[in-house]
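Step one of this worksheet: look at the structure below.
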Amino acid sequence: MTDDVTDDAPLSAAAEYALGLLTPAQARAFEAEMNSDLSLRAELAHWQEHLVTLTDDIAPVAPPKATFDAITSRLFDAPKPRRNWFGWLAGAASAAIVVAAVMIVVIPVPNPTSNDLVAGLVGADIGLRVDATFDPDTNTLLFDRVTGAPAEGRVFEIWLIAGEAAPISLGLLPEAKTGQVQLTAELAVLVDGGIIALSDEPPGGSPTGVATGPVVAVAPFANG
Amino acid sequence: MATREEIETYIDRVALGDRVAFAALYNATSAKLFGVTLRVLNNRAEADDALQEVYIKVWRAADRYQSNGLSPMTWLITIARNHAIDRLRTRKKGQTGLDEVAELADQAPGPEQQAIASSARAQINNCLDALPADRAEAVRRAYLDGDTYQDLADAMQVPLNTMRTWLRRSLIKLKDCLSQ
């Protein structure tokens, strides 16, 4: 503590964590600490129970009627691959990519702006879900890691696959929940009709320029 | 409004993959959670999308609910609040994820934690009222508007470190008051 407060109850990071005041690095450190310290978890629960009463005055509002159907469709709809790209991936396995138990699920991402292209990346066996949204107006590719993370000491590398050409690395999936990748004009034209994939790689990404670890999720871009 | 026990039962059954219980849970709780995402995001379309993602998280994290020591509505509202604030911050610029807050949980709570929920109601408002008005406001803004230390320092026109010291002192006082 840097405060000059002399107090019987020094402040753990629990309150700041519950309020969202810690930096991402501090928050991860607190989570690690909490996993081995039951009293911190209890303290966090204590803060959360108190703070949540600040929402008591927020009146309930009935959500739109279509919302529940949208939720169940995002959760439960059967996979429906639209293009013949699975064959490409199977072929690529012999060359560079090892496709290991890849679940392919196409999830519509609602509410994109009109001309965005979206891809819902799901690695069901590792609890991964990443939404990729491409904005052709700015050539930016936005990532939202909804759930899941790479294993300790591993990273996810992003690949763009267009036609029969070899996958092009777009760099590493940002460690933060959300992030973006700026595409050059040459790459940007490949997104429409393209496929995006994530592979599991060592820190810093594939050392060879082609995916070295298993492909954990793959999805085609589609109009939102 | 469903009772705490009913909501807990729904969550337990959702953890087993029961879609009917999921629908029941949604019916019982979605209006409150939509109120929260709407309050934070102040945009109906965005609040609706956030609500969808909140229930997707709930479906996937339900099996971890029992171990986190929170009352069911606290767990649900905390997921909704954290997710909405994540989106709000993303709207401003790329920032941290709060989503894990309510979901991380590996160890079982003691009976003491289970008892907290009932005593918490409204107590925080009394304790916030005991703080200087601007400090209480800072806590509320952090929780309900997702303000960071920097946001609060800018709003109050004080240096970042001053803001941090003020708020941490206030949180210590708040903690004392809440534990009485």
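Could you check the range A:174-214 and list, in sequence order, the residues that are closer than 18 Å to residue A:153 by Cβ and of a type in the set (Ser, Thr, Tyr)? Within the range A:174-214, A:199, A:206, A:212 qualify.
Close Cβ contacts (under 8 Å, 6 or more residues apart or on different chains) running from residues in the range A:62-73 that are surrounded by 18 or more Cβ atoms within 10 Å (Cβ to Cβ) to residues that are of a type outside the set (Phe, Trp, Tyr) and part of a loop (DSSP other than H, G, I, E, B) comprise A:70/A:110.
Counting only residues that are surrounded by 15 or more Cβ atoms within 10 Å (Cβ to Cβ) and closer than 16 Å to residue A:51 by Cβ, how many does the range B:153-180 have? Result for the range B:153-180: 10. On inspection, residue A:101 qualifies as more than 10 Å from chain B (Cβ to nearest Cβ) and either at pLDDT below 90 or part of a helix (DSSP H, G or I) (or both). Listed here are the helices (runs of 4 or more DSSP H) enclosed by the range B:121-180 that have at least 2 residues being more than 22 Å from residue B:39 (Cβ to Cβ) and of a type in the set (Lys, Arg): B:160-178. Which residues, counting only those in the range A:31-53, are within 7 Å of another protein chain (Cβ to nearest Cβ) and within 17 Å of residue B:172 (Cα to Cα)? Listed by number, the residues that qualify are A:42, A:45, A:46, A:48, A:49, A:50, A:51. Looking at the range B:132-160, which of the residues that are aliphatic (A, V, I, L, M) and within 13 Å of another protein chain (Cβ to nearest Cβ) is farthest from the chain's Cα centre (by Cα)? Restricting to residues being aliphatic (A, V, I, L, M) and within 13 Å of another protein chain (Cβ to nearest Cβ), the top hit is B:160.
Okay, residues lined up against (1) among the basic types (Lys, Arg); (2) in the same structural domain as residue A:122 (by TED's automatic domain parsing); (3) at pLDDT 90 or above:
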position	(1), (2), (3)
A:9	no, no, no
A:17	no, no, yes
A:39	no, no, no
A:67	no, no, yes
A:89	no, yes, no
A:95	no, yes, no
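Taking the range A:109-208 and the strands (runs of 3 or more DSSP E) fully enclosed by it, no element has 3 or more residues that are among the hydrophobic types (A, V, I, L, M, F, W, C), surrounded by fewer than 19 Cβ atoms within 10 Å (Cβ to Cβ) and out of contact with any strand residue (DSSP E or B) (no Cβ under 6 Å at 6 or more places or on another chain).
Under the condition of being at the interface with another protein chain (Cβ under 7 Å from one of its Cβ atoms) and either not hydroxyl-bearing (Ser, Thr, Tyr) or not in a helix (DSSP H, G or I) (or both), the residues counted in the range B:29-45 number 8. Taken together, A:132, A:165 contain a single residue that is away from chain B (no Cβ under 13 Å) and either under 9 Å from the mean Cα position of the chain (by Cα) or at pLDDT 90 or above (or both), which is A:132. Summed over the range A:136-152, residues that are under 17 Å from the mean Cα position of the chain (by Cα), of a type outside the set (A, V, I, L, M, F, W, C) and away from chain B (no Cβ under 14 Å) total 2. For the range B:36-67, taking the residues that are more than 22 Å from residue A:65 (Cβ to Cβ) and charged (D, E, K, R), the one that is surrounded by the most Cβ atoms within 10 Å (Cβ to Cβ) is identified as B:60. Among residues of the range B:3-29 that are at positive phi, none has a Cβ under 7 angstrom from a residue that is at pLDDT 90 or above and of a type in the set (D, E, K, R) at a sequence gap of 6+ or on a separate chain. Of everything in the range B:47-74 that is touching a residue at least 60 places away in the same chain (Cβ under 8 Å) and assigned to a helix (DSSP H, G or I), the residue that is farthest from the other protein chains (Cβ to nearest Cβ) is B:72.
Residues that are in contact with a helix residue (DSSP H, G or I) (Cβ under 8 Å, 6 or more places away or on another chain) and assigned to a strand (DSSP E or B) were ranked within the range A:209-224; the one that is farthest from the other protein chains (Cβ to nearest Cβ) is A:215.
The values are calculated or read from the model by the stated rules, or taken from the named source; none is laboratory data. These figures come from a predicted structure and were not determined experimentally. Positions of Cβ are generated from backbone atoms using ideal geometry, with glycine treated the same way; all protein chains shown enter the neighbour counts.
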